[in-house]
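A short write-up of the structure that comes next.
Every number in this text was worked out from the coordinates using simple rules, so none of it is lab data. None of the values given here were measured: they were computed from a predicted structure. Glycine also receives a Cβ, built like all others from the backbone with ideal geometry; neighbour counts cover every protein chain displayed.
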Amino acid sequence: MNEMIRFIKNSTAFFGILLLFVIVPMDSGIHADDGAPVTRIFSSRTAELIKVIVGQSDDSLLQSLGGESIYAGEMLRRFYDRRKFKPAWSGEGGAFPHSESLVEAIEEVSIDGLVPEYYHLSSIKKLHRQYQERRTLDPEIAAEMDVLLTDAFLMLGCHFSAGCVDPVTIEAEWFVHRSGLDVDILLEDALRDGDVRDTLRRLLPPQDRYYELRGHLMALRSIAKEGGWQEVSAPALLREGDTNSNVTAIKKRLAQSKDMVLHGNEPGPLFDDILRMAIVDFQKRHGLKADGIVGPDTLNAMNVPVEKRLRQIEVNLERMRWLGRNLGHRYIMVNIADFRLSYLEHDELVMSMGVVAGKPFWNTPVFSEKMRYIILNPWWIVPESIAKEELLPKIVNDPHYLERQKIRTYRGWARSAEEIKPETVDWKNISMETFPFVFRQEPGPLNPLGRMKFMLPNKYNVYLHDTPSKGLFALKSRAFSHGCIRLERPDDLAEYLLQDDPEWKKEKLTAVMKEGERTRIKLLNPINVHVVYLTAWVDEKGVMQFRNDVYERDARLDKALRNKPVRLSAFLPR
């Protein structure tokens, strides 16, 4: 216990009051001299101790309190200051009527991939047990327990509504805004209404996909308790019609993960059509080429330990908490790890298509913004890094490169910037450090943006666009861009986004693109776009999906989740 409380406790005046009014049987009817019930004096003394605890600096608050560290700091002070430091959790006779509800909520957090002990579970139980055993009203224990219960609720509320880990601290490309909920206000309401546990559970993501993913987590934990799924092997390739002793083991492995149903006797060694279809389903939900052939990639996916898949789900439950609660009734979700765009209305899938995302060293950032307009026949303003690092060497080697690529040159980024004739520039003596030019490629078949781009204004200058390089969509892993998102079927997306605009029907879109004039179309109904990174999720059919960690982010988040929580300053208004 901190030294300031020890000082107060050991002072003569305080000890005398404690003897006269507080250290009495909990069921006593004795009153103080002024007629006030003992419990009122108890509450007053508890409030004095709470004020001492929460009135310290953040550094002092992180010192030991009942063997625990306090994390809510400023939020905790704000909560108790409004109450004039009156205890929040103790009721008549010093009991803690709502603590059991909070303990239940803490004990359940493992189903969300979180660690119950991070929320003072053992210390709260220990203090509560001590309090019940003493048969006296002890304000010291009451103050400690009150603060720990409040701190646990505030932590859980923030972690449920916005994630346990601040994404910016571990994933530099994750820019989703965190929850702005006043969790301390919610605590007051929960204590008044007596629904602490339910209030906390309501802060979790409301989407069905979150709860479905949590259900798969529990199912895999059951498999892990039974020893996990067995490792399988195969010589070279296995395909339909083959007979091999390894086929039997593969059938059993697929049955464990519910990719195949076995009936009756020991499965035989024949690779039949039923196994082929099961392999195809397994390959689809792991983002592999769905050819029904067991090759190295399929075997590797089968042999990922169940414990690793468990942790992959826990990591992605955290990412789903980062996303926030209100995605919109209609929205576009781009999952970089899956290289796929999904258009959803009321969480029902309307449209889906492949995308090309950023290379590992040109990561597409994770963020949410509104798409507000479409540009047909766009210019491509070449990013400065690409202009210097990629185009400049080509121009030096080929004086006619800019002309052939229909790229115009300007001196500076201003709208009124002077256009420069490329042949007047000594490109060999242009320094990359002081590169003064801006390149703009005209609309046409050479333009890497294709015939349209979809604008969601953001500070990362990332947008969705068409591409002339359609062949890339035949690949399963498509991390090839410089950060922007290339679309497999941009025409379909544009047509759907403009379906409520009578001026822009499919025929007009086609005609304008054919004419080649740069045209801007404002969306009558701007739509939320969420660019995410999920390596494990449940699809619209309830099927568990896993993908490779193309940006190698899972390990960093895994490590961060294993550390104790940090202060909740990231959740305070900025």
What's the exposure ranking of M155, M353, going from fewest to most Cβ atoms within 10 Å? M353, M155
Could you give the radius of gyration (one decimal) and Dmax (whole number) of the Cα atoms in the chain, in Å? 30.9, 100
Would segment 286-392 count as rounded, prolate or oblate if I go by the C-alpha gyration tensor, calling it rounded below 1.5 in a/c and otherwise prolate when a/b exceeds b/c, oblate otherwise? oblate
Sparse-neighbourhood loop hits (trypsin sites (Lys or Arg not before Pro), segment 357-437; DSSP loop; Cβ within 10 Å at most 10 others) -> R415
What percent does the relative contact order of the chain come to when contacts are Cα pairs within less than 8 Å and at least six residues apart? 16
I'd like the per residue volume of the convex hull spanned by the Cα atoms of segment 385-440, given in cubic angstrom. 78
How much of the pair distance distribution for segment 428-499 lies past 15 Å, counting alpha-carbon pairs only, in percent? 65
Distant alpha-carbon pairs in segment 150-304 (separation over 25 angstrom), percent: 52
Which residues make up the longest stretch of the chain that has no GluC sites (Glu not before Pro) in a DSSP loop with at most 12 other Cβ atoms within 10 Å? 1-225
Past 24 Å, Cα to Cα, is the threshold; run K308/K459; K359/K428; K308/K470; K406/K522; K359/K453; K470/K541 against it and keep the listed order. K308/K459; K359/K428; K308/K470; K406/K522; K470/K541
Before anything else, pin down the relative contact order of segment 304-407: Cα pairs under 8 Å, at least 6 apart, normalised by residue count, whole percent. 11
Charge dipole magnitude, Cβ of K and R +1, D and E -1 - the chain, Cα centre, debye nearest 20: 1080
